[in-house]
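Novice: What follows is a structure written as C-alpha cells; I'll ask about it next.
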Amino acid sequence: MKVHEYQAKEVLSRYGVAVQPGRVASTPDEAVEAARAMAAADGTEVFVIKAQIHAGGRGKGGGVKLARSIEEVREKADAILGMQLVTPQTGPEGQLVRKVLVAGDVYADGAKEYYLGVLLDRAKGMNVIMASTEGGMEIEEVAHDTPEKILKVWVDPAIGLRPYQVTGLVHDLGLTGEAAKKARQFVTALYKAYEESDASLLEINPLLVRPDGVVLAVDGKMNIDDNALYRHPDLAAMRDEHEEDPLEVEAGKSNLNYVKLDGNVGCMVNGAGLAMGTMDLIKLAGGEPANFLDVGGTASPETVEAGFRIILSDPNVKAILVNIFGGIVRCDRVAAGIVQAAGNIDLTVPLIVRLQGTNAEEGMTILRESGMPIESAIRLQEAADKVTAALAGGQ
Ligand code: GDP
Ligand code: MN
C-alpha cells in the first residue's frame, strides 16, 4: 500500500526523522490557514505548495510550486487543487489532485540535494540502504547512467543496522561536521521507521543538506507491505482508495485477488499458480488475459458473482474462462455457484468453464442442464480451443 507524502512525513516525524515542516490542505482556504499558522509558529515567509498524489515526478508535471506570499499560497493552491496532474509516473490521463501539502521553503544558498532510500533486496534476502549525492533526479536514471554514484549498504534483518555501517555511508557521501552528525541520526531513524512500519520502500528524494548542517526530508515516499497492515491500524487508516484502481479496490472487498491487465479474455481461477497457468493457456489460444483473478479456496456463489461483475466491468473483455480445480472445494458446488451468478448478472460474452477434480462430472452435468449458454470443458486443451472459437466468433 502506498501513502501520500504528507502521511509518510507524519510517520517519519514520529520516529525522529527530520522532515521539512508542512500542513495538509483540501481547499485554498485551508491552504491559506495552514500558511498563516506556519508563519505565526516559526516566521515562515516562503512556502511550497505540493500536489498530493501517489505518483512521483510531480515537480516536472507542475504539481510543486513556490509561493512567496499568503496571496500566492491561495493562488497556487487554487491552481493545483482539482488539477488532473500528469507526471512521468501517472498514466496519460493523470491523477486528480484532492489535497496539497503546504510546506515551508527550507532551501538556502549552498544547499545540496541527496538521495536516500531503504528497500527490500529480495535477491539477497536483506534490506538495502541506497544513497547518492545525485539527489532530486530520477534515481533509476542515475542507476542507469552512473551506477557508481549509488552507494549501497545491505542490512541483515536478523542483525539490524550497525552504527559502523551508518558512519561509513555518511562518510562516503562526503559529509563532514555537523551535517555528518545530523545525517547519521537521519539514516538511523529512517531505518528504524522502515523496519517498524513493515515498509517495503521508504525513499527520501531529495534529502536536503544545508551549509549550516541542517538535514531534512523534502520529499517522502513510503510503501507498506499489505500483509503486515493488520498490525498497523494507524497506517492502514492512511489508505486512499481514490489513488487505487477502482476494480482492484472492489475485488479486495470481496477477498478476491484481482489485477487488471490489458487483454480481452477475462479469467477466474482458484489458486494463484493455476491462475498463472491459465493466463499462459489464454495466450497460447491466441487471446490476451484481461486480468489475473484468484478467487481463493472457497469459490462460493457470492465470490463467483462478485468475480463476474468485476471482470465484466472491463469493456475489453470478449470472453471469460473459468478454470477451477476441485480439491477441497467441490466442482458441483462451484457449478451451482456459476449458474446462480450467471442468472443474476447480464452475461454479455461467451463463458467457458473448465472444472477438474472432485465431483467434476457432476459439475459439468449441472452446467449442461442449466440451459445457460455456458461452454464446459474438462481438459485444458479443450478449454483453450473453446476460448479461441469464442474469440473468433465475436469478431
Ligand atoms: P516529486 O517531483 O514528486 O519527486 O516531488 P519533490 O517533493 O521531490 O519536489 C520536486 C522538486 O521541487 C524538488 O526536487 C525540489 O527541487 C523542489 N522543491 C521541493 N521542496 C522545495 C522547497 O522547500 N524549496 C525549494 N526551493 N524547492 C523545493
Ligand atoms: Mn521527489
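The values are calculated or read from the model by the stated rules, or taken from the named source; none is laboratory data. Quick caveat: nothing in here was measured; it's all calculated off a predicted structure. Please note: Cβ atoms are built from the backbone with ideal geometry, for glycine as well, and neighbour counts cover all protein chains shown.
Novice: Show me the helices (runs of 4 or more DSSP H) found entirely inside segment 1-75 where at least 2 residues are of a type in the set (A, V, I, L, M) and touching a strand residue (DSSP E or B) at 6+ places or on another chain (Cβ under 6 Å).
Specialist: Of the helices (runs of 4 or more DSSP H) lying wholly inside segment 1-75, those with at least 2 residues that are of a type in the set (A, V, I, L, M) and touching a strand residue (DSSP E or B) at 6+ places or on another chain (Cβ under 6 Å) span 5-14, 28-42.
Novice: In the set N264, N205, which member is in contact (Cβ under 8 Å) with a residue 40 or more places away in the chain and in the same structural domain as I310 (by TED's automatic domain parsing)?
Specialist: N264
Novice: I'd like the full set of residues that are of a type in the set (D, E, K, R) and modelled with pLDDT under 90, limited to segment 333-373.
Specialist: Correct list: R333, D346.
Novice: How many of the residues making up segment 111-140 are within 16 Å of ligand 2 (Cβ to nearest atom) and of a type outside the set (V, I, T)?
Specialist: Result for segment 111-140: 17.
Novice: Sort out which residues of segment 52-85 are away from ligand 2 (no atom under 16 Å from the Cβ) and either within 18 Å of the chain's Cα centre (by Cα) or among the hydroxyl-bearing types (S, T, Y) (or both), and write them in order of number.
Specialist: Scanning segment 52-85 gives a single hit, S69.
Novice: Please list, ordered by first then second residue, the pairs with beta carbon atoms under 7 Å, 6 or more apart or interchain, first in segment 84-95 and without any contact (Cβ under 8 Å) to a residue 12 or more places away in the chain, second surrounded by 18 or more Cβ atoms within 10 Å (Cβ to Cβ).
Specialist: P92/V86
Novice: Sticking with this one: Given the residues P163, P147, which is the only one that is more than 30 Å from R36 (Cα to Cα), at pLDDT 95 or above and assigned by TED's automatic domain parsing to the domain that holds M222?
Specialist: The match here is P163.
Novice: Considering (1) more than 16 Å from I338 (Cβ to Cβ); (2) buried (at least 16 other Cβ atoms within 10 Å of the Cβ), say which one D280 fails and leave the rest.
Specialist: (2)
Novice: While we're here: Based on what the data block shows, is I345 under 14 Å from I282 (Cα atoms) and assigned by TED's automatic domain parsing to the domain that holds L312?
Specialist: So I345 fails the test.
Novice: Ok, one more. Within 17 Å of R98 (Cα to Cα) and more than 8 Å from ligand 1 (Cβ to nearest atom), is that true of A25?
Specialist: Judged against the criteria, A25 is a match.
Novice: State whether the residues of segment 220-242 include one that is within 16 Å of ligand 2 (Cβ to nearest atom), aliphatic (A, V, I, L, M) and crowded, with 18+ Cβ neighbours inside 10 Å.
Specialist: Scanning segment 220-242, I find at least one residue that is within 16 Å of ligand 2 (Cβ to nearest atom), aliphatic (A, V, I, L, M) and crowded, with 18+ Cβ neighbours inside 10 Å, so the answer is yes.
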